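To start, the structure under review is shown below, and the notes come after it.
The values are calculated or read from the model by the stated rules, or taken from the named source; none is laboratory data. Quick caveat: nothing in here was measured; it's all calculated off a predicted structure. Here Cβ is always computed from backbone atoms with ideal geometry, including for glycine, and neighbour counts include all displayed protein chains. To get the accessible areas, we keep the full protein, side chains included, count just its heavy atoms, and leave off ligands, DNA and RNA. Shrake-Rupley method; radii C 1.70, N 1.55, O 1.52, S 1.80 Å.
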Amino acid sequence: MKKSPAETPLFPEHSWTPQLLNILEEVHNYIYANEGLSKDVIFREIVKIIACKIHDEQTNKEPMFFISQDELTQIRSGKDSPSFSQRIGNLYENVSAAYPSEFLKEEGINLSMRTLAFLVSKLQSVHLSSLDSDVKGEAFQTFFQKYHRGGRGEFYTPQPVVKIAVKFLNPDIGERIIDPAAGSGGFLLEALRFLKKKHPQVPIEEIESQIYGIEFNHHVAIATRLNFLLAGAKSAKIVVEDALRYGLSLEESFDLVITNPPFGSKGKIDDQTLLSQYELGYKWEEKPAGWRKTSVVRKGQSPEVLFLELIVRLLQPGGRAAVVLPDGILQNSSAEYIRYWLGNKVDLISTISLPQETFAPFGTGIKTSLVLFRKKTGGQDREQRVLYALIGNIGYDRKGKPQPKNDVPWVEQVFSEFQRGGEAFLKGKAAVKPQPKPGERLDAEYHVENLVGGPNLSLNYPTARLGEVANILRERIRTKSLSDSEVVRYVEISDLTPGIPIVYRWKTLSPNELPSRASYRLKSGDIITAVAGASTGTDKHVSALITDDLEGAICTNGFAVLRNFTPDIDPYYLLAFLHSPIFLRQVKHKLTGHAIPTLSLDELANILIPLPPLQIQKEIGEPLQIAINRIQEGLSSLSKSLHVLVNAFEKTGRAIAL
């Protein structure tokens, strides 16, 4: 293909990724300074220009994408250049005709002649078709994530996550692959590169024929198509549709689904017609035999939940998926019905926990995991083992700055050994378990027991569950039923001091001043322990005995209230146990939520307690009982001393006044 004189490469091939990115950023900044357009509109215009450039290189024997020095000088002087305008206009019409689903003829190029001339002058020196597809893909993907961040819970998927998702699924020739939330096409492009490398003899046309993407945003879909053009793929099918609707027409059509569905968006899907087409669009209720779908459609459902169901429905029996999911689905008790539904549809292959900073540079700090599963076939060819692994370092920090520590190569080795049937993993960072039961937690933190102590504790005595030796109060007060004249002593988590086993400060409020979290009426002899907040399960965890002076007080639902202890447990021994590492490790293990870590009352009830003979319990608890008595005596003495001092100052003040 003939090149214009201006298309002589300016830089060595190995340096092209940063150089191409610099050119893209330079033209972006020029448009921003001279056109006054929004970031998204600027991105859209650049995509059109690059599409024209690629089409010209791949199609035209006589180049059309160029500007002569005379034309450039003429435009810079404020004059029109009919030859340049007509040539680029004709080229854009050719592109629109070649890709009618991506480029609208009536849309055109919405840039001034001066700006268009600048863009062409900068890009004409680059012959994109001769550059390595990885170079072009890396530069454009970086440019895309920097200047086009989704507002509907859509976020750029970092390359480390994209690469391990594709590598772990190990796609092959003949397997149909789909991303129903394609975005800029990162997963699909990586699948294309993976297959090209795995089968270099197979024509790219054959490989791209098995790749399919759905993208809701028309302009993002243009960028996706452009990404494939940059990779040398001309016919990968990218459709502009609402995947949650359109995808239902493609049930059981694919062997692989690789995706990062929208999550973290503030709104829920409330279209009743759409919700009624999804099992997870209905309310579910828990029965003795498991969860059951009711006939009541929910008022709204999070997009990622519906996408999860769509992913399963897109797969053929035996098909595999790699999905980025927020950890709330994997661990929260409120999402148990989702896990129950999923566990009856698929066999889990692996959960790879991603660190908190994975998506932070790209718009969200939500904690996520990469989840791999296989759709059940109804036969005996089931996944028997599940790999849980923790990536502590992803290779960059919260601002995207590269870091020397990177667990991605390690997790690749772990997964490879897991596939071979091995289990020689680094202690505390990975574990292999049997298939979880439907509804059980699926997050890696829960199953990698060595990290947090886990439930398999080394205990020298028989054990009981906390719920077997104490009643965990669940009945909440109705603050509206309180008398307006009542003076309420209210206890928050912040009122307790770590290591001090009694409550010695509180707030005095009227009923209408109580916060909505005011929940439990306390009795003397109760024990309270924190079940919510950043300090829960750490060395800052707080637990305390309720003394006589707090009879009738009210506490926050951030505490669990224990009372009515059985005869085989000494209350002071129990209070001592609630300050022990054995208890704290179990709490840490059972926490859900990352923004506000929470321990459910059901999980608290399952905490294991060693039960030595009662005499030994009393020997352990007695020093704590003595310490509490001394603290109370000290506080009483301090209160009396302060009262004397206050009276003395009052008398002194009156004497001075006289």
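The set of residues in the stretch 576-596 being of a type in the set (Gly, Ala, Ser) and either in contact with a helix residue (DSSP H, G or I) (Cβ under 8 Å, 6 or more places away or on another chain) or in contact (Cβ under 8 Å) with a residue 12 or more places away in the chain (or both) consists of Ala576, Gly593. Does the stretch 197-211 include one or more residues that are more than 21 Å from Leu306 (Cβ to Cβ), touching a Leu at 6+ places or on another chain (Cβ under 8 Å) and part of a strand (DSSP E or B)? Yes; the residues of the stretch 197-211 include at least one that is more than 21 Å from Leu306 (Cβ to Cβ), touching a Leu at 6+ places or on another chain (Cβ under 8 Å) and part of a strand (DSSP E or B).
In the condition set (1) outside any helix (DSSP H, G or I); (2) modelled with pLDDT under 90, Leu645 is compliant with all but (1). Of the numbered criteria (1) at pLDDT 85 or above; (2) in contact with a helix residue (DSSP H, G or I) (Cβ under 7 Å, 6 or more places away or on another chain); (3) loosely packed, with under 15 Cβ neighbours inside 10 Å, the one Lys79 fails is (2). How about the stretch 354-400: which of its residues are hydroxyl-bearing (Ser, Thr, Tyr) and open to solvent by 40 Å² or more (accessible area, probe 1.4 Å)? Answer for the stretch 354-400, where residues must be hydroxyl-bearing (Ser, Thr, Tyr) and open to solvent by 40 Å² or more (accessible area, probe 1.4 Å): just Thr377. Scanning the stretch 44-56 for residues that are surrounded by fewer than 22 Cβ atoms within 10 Å (Cβ to Cβ) and either among the small types (Gly, Ala, Ser) or closer than 13 Å to His127 by Cβ (or both) returns a single hit, Ile54. Checking each residue in the stretch 191-216 for being crowded, with 24+ Cβ neighbours inside 10 Å and either in contact with a Phe, Trp or Tyr (Cβ under 8 Å, 6 or more places away or on another chain) or among the charged types (D, E, K, R) (or both) picks out Leu192, Ile214, Glu215. Whenever a residue of the stretch 384-398 is at positive phi, its partners that are hydrophobic (A, V, I, L, M, F, W, C) and not in a loop (DSSP other than H, G, I, E, B), lying with C-beta atoms within less than 8 angstrom and at least six residues away or across chains, give the pairs Gly395/Val408. Screening Asn90 with (1) loosely packed, with under 13 Cβ neighbours inside 10 Å; (2) closer than 14 Å to Ser121 by Cβ; (3) in contact (Cβ under 8 Å) with a residue 24 or more places away in the chain gives one miss only, at (2). Of the residues making up the stretch 242-292, those that are in contact with a strand residue (DSSP E or B) (Cβ under 8 Å, 6 or more places away or on another chain), open to solvent by less than 40 Å² (accessible area, probe 1.4 Å) and part of a helix (DSSP H, G or I) number 7. Screening the stretch 530-551 for residues that are more than 18 Å from Gly593 (Cα to Cα), in contact with a helix residue (DSSP H, G or I) (Cβ under 8 Å, 6 or more places away or on another chain) and not aliphatic (A, V, I, L, M) and picking the one that is most open to solvent (accessible area, probe 1.4 Å) gives Asp539. For the stretch 226-241, the candidate set comprises residues that are open to solvent by 40 Å² or more (accessible area, probe 1.4 Å) and part of a loop (DSSP other than H, G, I, E, B); within that set, the residue that is farthest from Asp270 (Cα to Cα) is Lys234.
Condition test on Val488, is it within 18 Å of Asp602 (Cβ to Cβ), β-branched (Val, Ile, Thr) and out of contact with any Asp or Glu (no Cβ under 6 Å at 6 or more places or on another chain)? Judged against the criteria, Val488 is not a match. Suppose the filter is surrounded by 14 or more Cβ atoms within 10 Å (Cβ to Cβ) and modelled with pLDDT under 95; does Glu486 pass it? Taking the combined requirement at face value, the residue does not satisfy it. When Ile204, Ile222, Ile238 are checked against the criterion of being in contact with a Ser or Thr (Cβ under 7 Å, 6 or more places away or on another chain) and under 26 Å from Glu57 (Cα atoms), a single residue qualifies: Ile238. Residues in the stretch 486-544 that are closer than 26 Å to Gln625 by Cβ, hydrophobic (A, V, I, L, M, F, W, C) and not in a loop (DSSP other than H, G, I, E, B) were compared, and the one that is farthest from the chain's Cα centre (by Cα) is Ile502.
Do we find a residue being touching a His at 6+ places or on another chain (Cβ under 8 Å), open to solvent by less than 30 Å² (accessible area, probe 1.4 Å) and assigned to a loop (DSSP other than H, G, I, E, B) anywhere in the stretch 552-573? No, because not a single residue in the stretch 552-573 is touching a His at 6+ places or on another chain (Cβ under 8 Å), open to solvent by less than 30 Å² (accessible area, probe 1.4 Å) and assigned to a loop (DSSP other than H, G, I, E, B). Among the residues of the stretch 574-598, those that are touching a Leu at 6+ places or on another chain (Cβ under 7 Å) and of a type outside the set (S, T, N, Q) comprise Leu575, Ala576, Ile582, Val587, Lys590, Leu591, Pro597. Of the residues in the stretch 589-603, not one is acidic (Asp, Glu), in contact with a Phe, Trp or Tyr (Cβ under 9 Å, 6 or more places away or on another chain) and surrounded by 14 or more Cβ atoms within 10 Å (Cβ to Cβ).
If you check Arg114, Arg152 for being among the charged types (D, E, K, R), modelled with pLDDT under 80 and surrounded by fewer than 21 Cβ atoms within 10 Å (Cβ to Cβ), only one passes: Arg152. Quick check on my filter: what residues within the stretch 187-239 are within 20 Å of Lys163 (Cα to Cα) and among the polar types (S, T, N, Q)? Those that are within 20 Å of Lys163 (Cα to Cα) and among the polar types (S, T, N, Q): Gln210, Thr224, Asn227. Scanning the stretch 117-149 for residues that are of a type in the set (A, V, I, L, M, F, W, C) and at pLDDT below 85, we see that the one that is surrounded by the fewest Cβ atoms within 10 Å (Cβ to Cβ) is Leu131.
If a residue has to be of a type outside the set (S, T, N, Q) and open to solvent by less than 20 Å² (accessible area, probe 1.4 Å) to count, how many in the stretch 515-529 make the cut? Qualifying residue count for the region: 6.
The number of residues in the stretch 276-327 that are without any contact (Cβ under 8 Å) to a residue 60 or more places away in the chain and under 27 Å from Gln384 (Cβ atoms) comes to 3. Could you please let me know if Ser295 is open to solvent by 50 Å² or more (accessible area, probe 1.4 Å), out of contact with any Leu (no Cβ under 9 Å at 6 or more places or on another chain), assigned to a helix (DSSP H, G or I) and polar (S, T, N, Q)? Answer is no for this residue. Considering the stretch 30-39, and only residues there that are assigned to a helix (DSSP H, G or I) and of a type in the set (Ser, Thr, Tyr), the residue that is most open to solvent (accessible area, probe 1.4 Å) turns out to be Tyr32.
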